[in-house]
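The next block holds one structure in the form of structure tokens; read it before the comments.
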Amino acid sequence: TWSFTASKTCYATVSWSQPITATTTRHAYLQMELPPPPTPISPGSSSSPGPTIDTLTPTFYWSAVSCADYYGLYIRDLATNTLVFDSQARGIQITGTSYTLPSGVLEWGKPYRWNMNSHNSAGWGSS
């Protein structure tokens, strides 16, 4: 009997057991799954309203996702419900666990919400 089990973060779990004969060949392929979103660390909080920040170019921090090759960052103006920053639409591939927002995106006195998703060879995960 030949047995095989493979399980790793972001890969589909593959498992089977089957009798093997001299003429039986089995191949196993691991399929990459879409990565989970990273966990935001700062700025902000998980409840509204979040804290007031003192810069229009904040640095965003999040936890790493082990199978992600880069991340997408999205910032929404809550007053107008408009997406004011979309790194994917801008062609920005964010690597690492932080990103400093360029000037010209945020405005003083407005409430914003940010979220993220992760990318790997299977594509973009949900945010």
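The values are calculated or read from the model by the stated rules, or taken from the named source; none is laboratory data. Every value quoted in this text rests on a predicted model; they were computed, and no experiment measured them. Cβ placement follows ideal geometry from the backbone for every residue including glycine, while neighbour counts extend to all protein chains displayed. These accessible areas exclude ligands, DNA and RNA; they are computed on the full protein's heavy atoms, side chains included. Shrake-Rupley method; radii C 1.70, N 1.55, O 1.52, S 1.80 Å.
So here's what we get for this one:
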| quantity | calculated |
| --- | --- |
| Solvent-accessible area per residue, Å², over the stretch 65-122 with all protein chains present [probe radius 1.4 Å] | 53 |
| Carbon + sulfur, % of accessible area of the stretch 67-127 - ligands and nucleic acids excluded, 1.4 Å | 46 |
| Around Leu83: net Lys/Arg minus Asp/Glu count, Cβ-Cβ under 13 Å | +1 |
| Local electrostatic count, Ser118, Cβ distance below 13 Å [Lys/Arg +1, Asp/Glu -1] | -2 |
| Burial order of peptide ranges 118-126, 65-73, 50-58 (average beta-carbon count within 10 Å, highest first) | 65-73, 118-126, 50-58 |
| Net charge of Cβ neighbours under 12 Å - reference Tyr74; Lys, Arg +1; Asp, Glu -1 | +1 |
